[in-house]
Amino acid sequence: MEQNIIDLDILRPEPRYVILAKKKIDVSFLPCGILFDINEKMNQLATVSGGEIEEIRKGGDVARKSYEMAIEICAIFCGVQHELMTKEWFRKNVSAEQVNMLLEEIRKLLEKELAAAVEPGDDSKNLIATEAT
């Protein structure tokens, strides 16, 4: 007997990975359990840094706060896949450039996820499968 099934798995993108300190991290998927935490931290980071690139380059409090927030965002994101990737782990194993590059990948993913939460993408039109697997 044929059943109509809504296949939500097709909404999950193909995995895309970054390698960081020999750890493989999927940057194609942002679990809903951390979506709003990541969003809140990204907004806080934007407030702290406030586009003050020159201040960040000088070092000091703004740079330290921005960097600590960036590490926290990376740790939240990566901790879902690798429990040992804590803020302390990032401080000991990753360069500032690596943190910034990973943070940019997370930012792009967050924007995509938030947009999809408001308006589903094209894949949502293909959700109905005709038989269960």
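The values are calculated or read from the model by the stated rules, or taken from the named source; none is laboratory data. The model shown is predicted, which means the values in this text are computed figures rather than measured ones. So basically every Cβ, Gly included, is an ideal-geometry build from the backbone, and we count neighbours across all protein chains shown.
Can we say Lys112 is modelled with pLDDT of 95 or more, surrounded by fewer than 18 Cβ atoms within 10 Å (Cβ to Cβ) and not hydroxyl-bearing (Ser, Thr, Tyr)? No; evaluated as a whole, the condition is false for this residue. Of everything in the range 91-100 that is assigned to a helix (DSSP H, G or I) and touching a residue at least 60 places away in the same chain (Cβ under 8 Å), the residue that is nearest to Lys22 (Cα to Cα) is Asn93. Pairing each residue of the range 1-24 that is farther than 18 Å from Glu113 by Cα and assigned to a loop (DSSP other than H, G, I, E, B) with any residue that is of a type in the set (Val, Ile, Thr) and at pLDDT 95 or above, provided the two are 6+ apart or on different chains, yields C-beta distances under 7 Å for Ala21/Val94. Applying a threshold of 9 Å to beta carbon distances and a minimum spacing of six or more residues, or different chains, the list of pairs starting in the range 69-90 at a residue that is without any contact (Cβ under 8 Å) to a residue 12 or more places away in the chain and ending at one that is among the basic types (Lys, Arg) and surrounded by fewer than 19 Cβ atoms within 10 Å (Cβ to Cβ) reads Leu84/Lys23.
Evaluated against (1) within 25 Å of Ala117 (Cα to Cα); (2) surrounded by 12 or more Cβ atoms within 10 Å (Cβ to Cβ); (3) modelled with pLDDT under 95, Pro31 falls short on exactly one condition, (2).
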